[in-house]
Amino acid sequence: MSVPRFLADEDLRQDILDAALRQSPRMQFQRVTEVGLKSAPDSRVLEFAASAGLLVVSHDVNTMSAAAKERIEDGLPMSGLFLVPQDRDTGAVAKSLHLIWSASEAEEWAGRIVYLPL
């Protein structure tokens with residue numbers, strides 16, 4: 001079992017990352033732009049995340065969830081997807097990410113699509 005590590009989609013608000021890291025400075029977040037996936041299709045982001053064992057966090061509720069469902073239906077690995085509608089409170093989302101990071105194992109989220117805040 002392993003500690004959850006996250007991949008922030010290109011559109012994820014920076015204030016969410018900042019708030020989450022203030023609560024849990026050891027939480028590991030990578031951005032898709034840092035791993036060479038700027039403007040990559042959602043399916044590629046999910047493929048990379050699965051191969052790297054990262055949980056994806058995104059505001060892209062429609063297309064990212066569709067790509068994740070397709071991976072699951074095709075029997076492909078999907079580390080986990082956390083969807084955050086744009087209008088959600090920054091603090092509440094950061095608290096949810098802290099809870100996920102501090103009280104669960106990364107493997108618990110495999111194949112799951114979860115809306116934040118919890």
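What to note about this one:
- Qualifying residue in the range 33-44 (condition: in contact with a Phe, Trp or Tyr (Cβ under 9 Å, 6 or more places away or on another chain) and under 21 Å from V3 (Cα atoms)): yes
- All positions within the range 67-94 that are assigned to a helix (DSSP H, G or I) and under 14 Å from the mean Cα position of the chain (by Cα): A67, A68, V93, A94
- V61 fulfils the conditions (1) within 13 Å of L116 (Cβ to Cβ); (2) surrounded by 15 or more Cβ atoms within 10 Å (Cβ to Cβ); (3) in contact with a strand residue (DSSP E or B) (Cβ under 6 Å, 6 or more places away or on another chain) except for a single criterion, (2).
- Contact map, the range 23-47: residues that are within 19 Å of R13 (Cβ to Cβ) and loosely packed, with under 11 Cβ neighbours inside 10 Å paired with residues that are modelled with pLDDT of 95 or more and not charged (D, E, K, R), Cβ distance under 7 Å, separation 6+ or inter-chain. Pairs shown: K38/V32.
- Answer residue from the range 87-118, given it is in contact (Cβ under 8 Å) with a residue 60 or more places away in the chain and farther than 15 Å from S24 by Cβ and is surrounded by the most Cβ atoms within 10 Å (Cβ to Cβ) among those: W109
The values are calculated or read from the model by the stated rules, or taken from the named source; none is laboratory data. Everything quoted here is computed from the prediction, not taken from an experiment. Note that we place each Cβ from the backbone using ideal geometry, even for glycine, and neighbour counts take in every protein chain shown.
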